[in-house]
Amino acid sequence: MKTKSLLVCVALLGVAGLVVAQDAPIGTKPAEATYLGVAKCKMCHAKQHATWLKMKHSTAITALSAEEQKKPECVKCHVTGYGMTGGFESMEKTPELANVQCEACHGAGSNHMKAPMAEKKKTINGAGRDCRDCHSPHVDVNRKKGGETEEKTEEKTEEKKEEAK
Ligand code: HEC
Ligand code: HEC
Ligand code: HEC
Ligand code: HEC
C-alpha cells in the first residue's frame, strides 16, 4: 500500500514538473539551456525543418532593412531569443540566430539535444509559444520593406502621378 501511494506521488510530481516546464515563458531559458540554432535541430527533425523552410519565419530577418536590423523594437519578433541569455544579439555577433527559428517557438534547445530519449519531451516546449506574442492585430501587416506602410506607398504613387502631370 505504502509503495503504491509513493508511486502515485512520484507520478504526480513527474506530471507537475512537466507542466511547470511547459508553462514557463518560452525563451526564459531554464538555467542551463542555451540556443543552438536551426542547423542542430535539423539533424533529428528533417521533416519539421522542411516545413519551416517553406514559411516566412525562416526568412523573417529579410523583411527588415539593414537599419531596422539594428533596432531592438524591430528585431525582437524577427529573430530567435532576442533579450534572452545566449539568444540573438546582433547581425554581427549572432547571425546564426537571425529569423524566427525553431527555438523562437520551442525555447532554447541544448538540454533537449543532450537529453536521453526518455527525457526528450520534458526538455523542450512541445506546444510552442503563444503565436500572439508576435502576431498582434496591431502589427501593421501592410508594412513594406523600409518601414513604409501601404498607405504611405499609395501617397507616394499619388505624388508621383501628380509630378508626372
Ligand atoms: C539528437 C536528436 C535531436 C536533436 C538534435 C533535437 N531533437 Fe527534438 N526530439 C528528438 C526526439 C527523439 C524527439 C521525440 C521524443 C519522443 O517522442 O518521446 C524530439 C521531440 C521534439 C519535440 C516535440 C516534443 C513533444 O512534446 O512532443 C520538439 C518540439 C523538438 N523535439 C524540438 C527540437 C528543437 C527546437 C531542436 C533544436 C534546438 C531539437 N528538437 C533537436 C530528438 C532531437
Ligand atoms: C518570435 C515571433 C513569432 C512567433 C512566436 C510566431 N511568429 Fe509567425 N511570423 C513572425 C514574423 C516576423 C513573420 C513575418 C515574416 C516575414 O514576412 O518576413 C511571421 C509570419 C507568419 C505567417 C505568414 C507568412 C508565411 O509563412 O506564409 C504565418 C501564417 C505565421 N507567421 C504563423 C504563426 C503561427 C501559427 C505561430 C504560432 C504557432 C507564429 N506564427 C508564431 C513572427 C512570429
Ligand atoms: C510584436 C512583434 C513584431 C515587432 C515588434 C515587429 N514586427 Fe514586423 N512582423 C511581425 C509579424 C508577426 C509579421 C507578419 C504579419 C503577418 O504576415 O501576418 C511581421 C511582418 C513584417 C513585415 C512584412 C514582411 C512581408 O513579408 O511582407 C515587415 C516589412 C515588418 N514586419 C517590418 C517590421 C519593422 C520595420 C519593425 C520595427 C519598426 C517590426 N516589423 C517590428 C511582428 C513584429
Ligand atoms: C512559429 C512557431 C514554430 C516554429 C518556428 C517551429 N515550430 Fe515546431 N511546433 C510549433 C507548434 C505550435 C507545434 C505543435 C503542433 C501541434 O501540437 O499540433 C510544433 C510541433 C513540433 C514538433 C512535434 C511534432 C509535430 O510535427 O507536430 C516538433 C518535433 C517540432 N515542432 C520541431 C520543430 C523544429 C525542428 C523547428 C525548426 C526547424 C520548429 N519546430 C519550428 C511551433 C513552431
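Identify, from the list LYS70, LYS144, LYS160, the residue that is at pLDDT below 95 and more than 10 Å from ligand 3 (Cβ to nearest atom). Working first, answer last.
Details: LYS70 fails: at pLDDT below 95; LYS144 fails: more than 10 Å from ligand 3 (Cβ to nearest atom).
Only one candidate qualifies: LYS160.
Restricting attention to the range 49-64, report how many residues are surrounded by 14 or more Cβ atoms within 10 Å (Cβ to Cβ) and out of contact with any His (no Cβ under 7 Å at 6 or more places or on another chain). Lay out the reasoning, then the answer.
Quick first cut of the range 49-64, residues surrounded by 14 or more Cβ atoms within 10 Å (Cβ to Cβ) only: 49, 52, 57-58, 60-61, 63-64.
Applying the additional criterion that residues be out of contact with any His (no Cβ under 7 Å at 6 or more places or on another chain) yields 49, 52, 57-58.
Matching residues across the range 49-64 total 4.
Within the range 129-136, the presence of a residue that is within 9 Å of ligand 1 (Cβ to nearest atom) and either surrounded by 14 or more Cβ atoms within 10 Å (Cβ to Cβ) or in a helix (DSSP H, G or I) (or both) is excluded. When THR94 is tested against (1) within 14 Å of THR34 (Cβ to Cβ); (2) within 11 Å of ligand 1 (Cβ to nearest atom); (3) surrounded by 15 or more Cβ atoms within 10 Å (Cβ to Cβ); (4) over 14 Å from the mean Cα position of the chain (by Cα), only condition (2) is not met. Say whether the condition of being within 12 Å of the chain's Cα centre (by Cα), closer than 21 Å to ALA127 by Cβ and either at pLDDT below 95 or not acidic (Asp, Glu) (or both) is met by at least one residue in the range 28-37. The answer is yes, given that some residue of the range 28-37 is within 12 Å of the chain's Cα centre (by Cα), closer than 21 Å to ALA127 by Cβ and either at pLDDT below 95 or not acidic (Asp, Glu) (or both).
Close Cβ contacts (under 9 Å, 6 or more residues apart or on different chains) running from residues in the range 98-113 that are within 16 Å of CYS131 (Cβ to Cβ) to residues that are basic (Lys, Arg) and part of a loop (DSSP other than H, G, I, E, B) comprise ALA104/ARG129; CYS105/ARG129; HIS106/ARG129; GLY107/LYS29; GLY107/ARG129.
Pairs linking a residue in the range 83-96 that is under 14 Å from GLY109 (Cβ atoms) and in a loop (DSSP other than H, G, I, E, B) to a residue that is modelled with pLDDT of 95 or more and hydrophobic (A, V, I, L, M, F, W, C), with Cβ atoms under 7 Å and 6 or more positions apart or on different chains, are GLY87/LEU97.
Residue check: is GLU67 more than 14 Å from ligand 4 (Cβ to nearest atom), closer than 26 Å to GLU32 by Cβ and surrounded by fewer than 20 Cβ atoms within 10 Å (Cβ to Cβ)?
Working: more than 14 Å from ligand 4 (Cβ to nearest atom): yes; closer than 26 Å to GLU32 by Cβ: no; surrounded by fewer than 20 Cβ atoms within 10 Å (Cβ to Cβ): yes.
Spelling it out, it is not the case that GLU67 is more than 14 Å from ligand 4 (Cβ to nearest atom), closer than 26 Å to GLU32 by Cβ and surrounded by fewer than 20 Cβ atoms within 10 Å (Cβ to Cβ).
Which residues, taken from the range 107-128, are in a loop (DSSP other than H, G, I, E, B) and either within 15 Å of GLY86 (Cβ to Cβ) or within 16 Å of ligand 3 (Cβ to nearest atom) (or both)? Give the steps one after another, and end with the answer.
Residues of the range 107-128 that are in a loop (DSSP other than H, G, I, E, B), as a first pass: 107-109, 115-116, 120, 124-128.
Those that are in a loop (DSSP other than H, G, I, E, B) and either within 15 Å of GLY86 (Cβ to Cβ) or within 16 Å of ligand 3 (Cβ to nearest atom) (or both): GLY107, ALA108, GLY109, GLY128.
For the range 106-135, a tally of residues being aliphatic (A, V, I, L, M), under 17 Å from the mean Cα position of the chain (by Cα) and over 14 Å from ALA33 (Cα atoms) returns 1. Picking from residues in the range 33-54 that are within 24 Å of GLY86 (Cβ to Cβ), of a type outside the set (S, T, N, Q) and assigned to a loop (DSSP other than H, G, I, E, B), the one that is farthest from ligand 1 (Cβ to nearest atom) is ALA33.
The values are calculated or read from the model by the stated rules, or taken from the named source; none is laboratory data. Predicted, not measured: the structure shown is a model, and the values here were computed from it. Glycine also receives a Cβ, built like all others from the backbone with ideal geometry; neighbour counts cover every protein chain displayed.
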